[in-house]
Each structure stands twice: as C-alpha cells, then as structure tokens.
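To keep things clear, I will list the structure first and then write my remarks on it.
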Amino acid sequence: MTLSLFTNITPSILIVDDDEVIRLFLRQFLEGEGYHVAEAADGEEGLKKIAEKEFDLVILDIAMPGLEGPTVCERINTLYSHPPPVLMVTALDNEQVVDRSFGAGAMDYICKPIHWAVLRNRIKYILEAHWARRELEEMTRNYELILDSAANGICGVDGDKLISYINPAALEMLEYSKEEVLGRSYKEIFKISRPGQDDFEFDCCPFFEKNECNCTKEPLHHDEMRLLKKSGVAFPVDCRVTPIFSNGKVCGGVMVFQDVTERQQAASLIRYMANHDSLTSLPNRNYFRKRLPQAISLAKRNKRILCLLFIDLDRFKPINDTYGHAVGDEVLIRVSERLTAMLRSSDSICRLGGDEFVILLESTHSAQGCEMVAEKAISLLNEPIEVNEHICNIGASVGISIFPDDCSDAETMLRNADIAMYRAKKKGRNTYELFSGDKK
C-alpha cells in the first residue's frame with residue numbers, strides 16, 4: 001500500500017511483540033495491505049532495528065519481558081528528533097493502560113484480540129498524519145531557508161507581541177544575535193522614528209492595539225523611516241508590516257524591512273548632479289532658475305533689494321585655443337574658487353555654463369555695495385592664474401541688475417544683467433555696468 005497523497009514510498013512498519021503468533025498474524029495482515037514489514041521479538045531488538053533503519057510506524061506490545069512497551073516508546077521519542085509514530089497493542093483495556101500508553105508518547109492504541117478493520121483504519125490515519133507532519137516540517141524548513149537567504153530583513157511576531165522568528169539579514173542590519181532577539185517584545189528591538197522626528201517610539205505594528213487599528217488585512221507601509229541599530233546608530237528603512245489573523249482576531253504579524261541607505265544616497269547624488277556643475281561643483285543653471293524666483297519672493301516680503309551680477313570672463317577663449325581644454329577647465333575651477341571665497345555665506349554663486357557666472361547678493365543694502373562686490377570680483381580675476389607652468393591672464397565684464405529698481409521678476413532680472421554685461425564689454429571689457437533702460 002502506498003500513501004500517494006503524501007509520498008510514493010511504500011511505508012515500512014516494525015512489529016515489536018514477544019508473541020510469535022501475534023507477529024505472524026500481524027505480518028500477514030500488513031503485507032496483505034501492501035506494507036513493508038519487519039519484526040522484533042522484544043524491546044531491545046526493536047530499539048536496535050529502529051537505530052539501523054527508518055520506519056514509518058512501530059506497532060508495539062505493552063506487556064513484554066525485559067523492556068516493557070511504554071519504556072521502549074519513551075526511548076524512541078527521547079532518542080530521535082523525528083521519531084516514528086507508535087501504535088500500542090494491549091490485552092488490557094483499562095484507564096491505567098491508556099494513560100501509560102499516551103504518557104509514553106504513543107500516538108494511539110488498540111486492544112487484543114485485534115479487530116483487523118479497526119487496525120487497518122488506525123494505521124491509515126496514523127500514517128497519513130505522520131506523512132502530513134513530515135511534509136509540513138519539510139515545507140517549513142524550505143520556507144525558512146528561503147527567508148534566511150532573503151536580502152531584506154524579515155521578522156515574525158506572535159500574538160503576545162514577542163519575536164518568534166528573525167532572519168540573518170535582519171540580525172545583520174540591527175547588529176543583534178538571534179539569542180538576543182527571540183522571545184523579546186518587538187517594541188524593544190524595533191526602535192523606529194517617523195521622517196523628521198527623533199523620538200524612535202513609533203509603533204510599527206499598531207494592529208495589536210484595539211483602539212489604533214480597524215483590523216484591515218492589508219499590509220501597512222512605513223516608508224522613509226529610521227530604525228536604530230543595537231549600537232544606537234540610525235539608518236533609513238522602508239518597512240511593510242502584515243497582520244496575521246485567526247478566527248477574525250490578530251494573532252501575530254510579519255515585518256519585512258529594507259535598508260534604503262544606498263538608495264537615498266543615490267537619489268541625493270542624482271539631485272546634486274542635476275543642480276550642480278560637474279566641473280566646478282558650483283550650483284548650475286538649473287539650480288539658479290529655481291533659486292532666483294525664491295530670492296525675489298523673499299526680497300519682496302522683506303522689502304529689501306536684491307542684486308544680480310552677470311560675469312563673463314574676458315580673454316578666456318584664447319586660453320582654450322592655445323593651451324587646450326584641460327588648462328581652460330583648470331582656469332574655470334580657479335575662477336570659481338576665487339569668486340566663492342570673496343562672498344558672504346548669505347550670498348551665492350552659480351556657473352551658467354561656459355565662462356559665464358552669476359552672483360546673487362542677498363546681503364547688500366545698496367547699489368554701492370553691489371558695485372563694490374563687482375569691483376572686487378574684477379580685481380581678483382585680473383590676477384594671473386598659473387596652470388601647468390602656463391600663466392593665464394584673464395579679466396571679467398560684469399553686468400548688474402537690481403530688484404526692484406529695474407525688474408520685477410526673475411526672467412527680466414537675468415535678461416537685464418546680461419544686457420548690462422554686454423554693455424560693459426562694449427566699454428572695453430574688464431569693467432562693470434549697471435543696467436539702465438535708457439542705454440542702448
């Protein structure tokens with residue numbers, strides 16, 4: 001007989017009985033049912049055979065000389081992590097015998113004289129239950145192997161809010177050992193804070209509290225949170241928490257979380273690259289087009305002026321043509337360093353592209369202050385720049401636009417500063433010019 005529902009292997013049954021006639025009858029019956037059968041005449045021989053071979057069922061007589069059936073049953077269940085099920089056979093049908101049988105770890109018992117139809121169904125039930133348990137254990141082991149190899153942190157919480165499972169990835173992220181975590185409250189281990197907060201008291205499993213959850217079965221999403229390691233260092237995580245229900249009530253939960261440090265760093269780098277010049281690391285045109293309207297709005301609100309200096313380098317093209325772009329790039333880097341060093345922290349500089357720069361003055365209170373900055377910039381850029389033993393002499397033409405004197409919006413302010421810069425070049429370069437609508 002094969003239990004095709006669970007396995008294609010024909011089950012093996014061991015008969016342990018000191019009565020040779022009973023063993024003979026049992027063998028004939030069991031082989032007729034399609035089982036593989038082995039025999040043992042006493043408890044010692046039975047234990048020896050079990051040590052030599054794996055059996056799917058042991059039919060064990062209670063009353064035997066030497067080791068009695070209950071003692072053999074106890075040893076079977078003590079010696080093996082996955083012992084075969086035991087069916088006790090007895091000629092005594094009383095409460096004490098029943099208690100001894102089940103107390104020894106037997107799965108069931110049957111009385112002599114044996115009712116063969118009853119035995120047939122008892123064996124079928126025991127074997128099906130045994131194979132189902134083994135299949136479930138194998139599935140559990142396979143699932144745990146999968147969970148243990150997962151890159152995301154995975155944690156199981158039981159109905160008492162205690163951690164019942166945690167995988168290696170989670171332990172590595174949290175810097176705990178399994179022994180430190182299992183059996184502890186999830187709130188002791190998962191110290192989480194919301195974005196922008198530092199209290200680390202956020203409850204990631206609110207479904208355990210009746211007043212905080214409508215018992216939805218949908219996973220809870222906690223993104224961009226921060227989680228504390230054992231060392232007290234916080235790291236960013238995305239977390240998914242799914243409640244587990246039994247009979248309509250929460251009986252546990254599963255947490256899956258991911259360290260998103262690299263993702264956040266990558267996103268930050270992308271944002272930085274989108275808003276900064278790759279050569280000089282200065283804010284770029286994209287950043288400036290967003291920053292200038294904000295600065296104008298702030299100036300309107302505070303009722304103060306805002307000055308924009310449009311700087312175009314003089315004599316830069318000959319440097320590129322004569323010494324090459326590598327030298328020209330180094331000159332642009334030195335220019336950015338000189339201009340940055342002369343500014344206050346409240347002011348800013350951007351490279352629009354090529355040899356064009358803009359300076360946004362938010363700290364000056366008059367046009368005279370702005371002109372002083374322009375003069376200083378021109379003076380600094382008139383100083384020779386040495387690159388790879390090449391002496392590079394440049395200068396700068398600067399156009400100035402002032403809000404609200406000659407403009408009311410960002411586009412007009414940039415255009416006016418550009419117009420003023422070209423007027424400075426027409427005047428002979430290496431000077432500055434304030435925008436005036438009267439000039440051409």
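A few points about this structure:
- Residue that is surrounded by the most Cβ atoms within 10 Å (Cβ to Cβ), among those in region 182-207 that are among the acidic types (Asp, Glu) and either at pLDDT 90 or above or under 18 Å from the mean Cα position of the chain (by Cα) (or both): Asp203
- Some residue of region 406-422 being under 18 Å from Thr280 (Cα atoms), assigned by TED's automatic domain parsing to the domain that holds Leu282 and without any contact (Cβ under 8 Å) to a residue 60 or more places away in the chain: no
- Among the residues listed as Glu39, Glu44, Glu54, the single one being part of a strand (DSSP E or B) and either in contact with a strand residue (DSSP E or B) (Cβ under 8 Å, 6 or more places away or on another chain) or without any contact (Cβ under 8 Å) to a residue 60 or more places away in the chain (or both): Glu39
- Residue in region 286-296 that is in contact with a His (Cβ under 8 Å, 6 or more places away or on another chain), in the same structural domain as Asp409 (by TED's automatic domain parsing) and in contact (Cβ under 8 Å) with a residue 40 or more places away in the chain present: yes
- Strands (runs of 3 or more DSSP E) fully within region 301-410 counting 3 or more residues that are among the small types (Gly, Ala, Ser) and surrounded by 14 or more Cβ atoms within 10 Å (Cβ to Cβ): 395-403
- Filter result for the condition that a residue is under 23 Å from Val21 (Cβ atoms), of a type in the set (A, V, I, L, M, F, W, C) and assigned by TED's automatic domain parsing to the domain that holds Arg133, over Ala51, Ala104, Ala38: Ala38
- Boolean, Val16 is touching a Leu at 6+ places or on another chain (Cβ under 8 Å), assigned by TED's automatic domain parsing to the domain that holds Trp131 and closer than 20 Å to Ala129 by Cβ: no
- Complete set of residues in region 340-382 that are under 15 Å from Leu313 (Cβ atoms), of a type outside the set (Val, Ile, Thr) and in contact (Cβ under 8 Å) with a residue 12 or more places away in the chain: Cys350, Arg351, Leu352, Gly353, Asp355, Glu356, Phe357, Ala374, Ala377, Leu380, Leu381, Asn382
- Every pair of residues 6+ apart whose Cβ atoms lie under 8 Å, when the first sits in region 191-203 and is closer than 19 Å to Leu174 by Cβ while the second is acidic (Asp, Glu): Lys191/Glu201; Ser193/Asp199; Ser193/Glu201; Asp203/Glu209; Asp203/Glu212
- The single condition among (1) on the phi > 0 side of the Ramachandran plot; (2) in a strand (DSSP E or B) that Cys155 does not satisfy is (1).
- Any hit, region 314-328, residues being under 38 Å from the mean Cα position of the chain (by Cα) and either of a type in the set (A, V, I, L, M, F, W, C) or modelled with pLDDT of 90 or more (or both): no
Residues are listed down the side, and each one gets a yes or a no for (1) of a type outside the set (A, V, I, L, M, F, W, C); (2) touching a Cys at 6+ places or on another chain (Cβ under 7 Å):
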| position | (1), (2) |
| --- | --- |
| Glu95 | yes, no |
| Asp99 | yes, no |
| Gly105 | yes, yes |
| Tyr125 | yes, no |
| Arg133 | yes, no |
| Asn142 | yes, no |
| Gly153 | yes, no |
| Ile163 | no, yes |
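- Residue count for region 158-176, restricted to those that are in contact with a Lys or Arg (Cβ under 8 Å, 6 or more places away or on another chain) and outside any helix (DSSP H, G or I): 6.
- Residue match in region 255-270 (condition: assigned to a strand (DSSP E or B), surrounded by 15 or more Cβ atoms within 10 Å (Cβ to Cβ) and touching a Lys or Arg at 6+ places or on another chain (Cβ under 6 Å)): yes
- Of all residues making up region 189-206, the number that are under 17 Å from Ile154 (Cα atoms) and touching a Leu at 6+ places or on another chain (Cβ under 6 Å): 2
- Subset of region 404-431 (residues that are out of contact with any strand residue (DSSP E or B) (no Cβ under 6 Å at 6 or more places or on another chain) and charged (D, E, K, R)): Asp405, Asp406, Asp409, Glu411, Arg415, Lys426, Lys427
Residue by residue, here is whether (1) at pLDDT below 90; (2) assigned by TED's automatic domain parsing to the domain that holds Leu174; (3) buried (at least 17 other Cβ atoms within 10 Å of the Cβ) holds:
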position	(1), (2), (3)
Lys210	yes, yes, no
Ala234	no, yes, no
Asn247	yes, yes, no
Val250	yes, yes, yes
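For (1) under 44 Å from the mean Cα position of the chain (by Cα); (2) closer than 15 Å to Ser281 by Cβ; (3) at pLDDT below 95, each residue gets a yes or a no:
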| position | (1), (2), (3) |
| --- | --- |
| Arg344 | yes, no, yes |
| Cys350 | yes, yes, no |
| Gly353 | yes, yes, yes |
| Glu362 | yes, no, yes |
| His365 | no, no, yes |
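- Count of residues meeting criterion [surrounded by 14 or more Cβ atoms within 10 Å (Cβ to Cβ) and among the acidic types (Asp, Glu)] in region 70-105: 1
- Number of positions in region 47-64 that are more than 20 Å from Cys111 (Cβ to Cβ) and in contact with a helix residue (DSSP H, G or I) (Cβ under 9 Å, 6 or more places away or on another chain): 5
- Applying the set (1) surrounded by 12 or more Cβ atoms within 10 Å (Cβ to Cβ); (2) in a helix (DSSP H, G or I); (3) free of Cβ contacts under 8 Å to residues at least 60 places away in the same chain to Glu179 leaves exactly one unmet item: (1).
The values are calculated or read from the model by the stated rules, or taken from the named source; none is laboratory data. Model, not experiment: these values are computed from the prediction. Neighbour counts run over all protein chains shown; Cβ positions are idealised from the backbone, glycine included.
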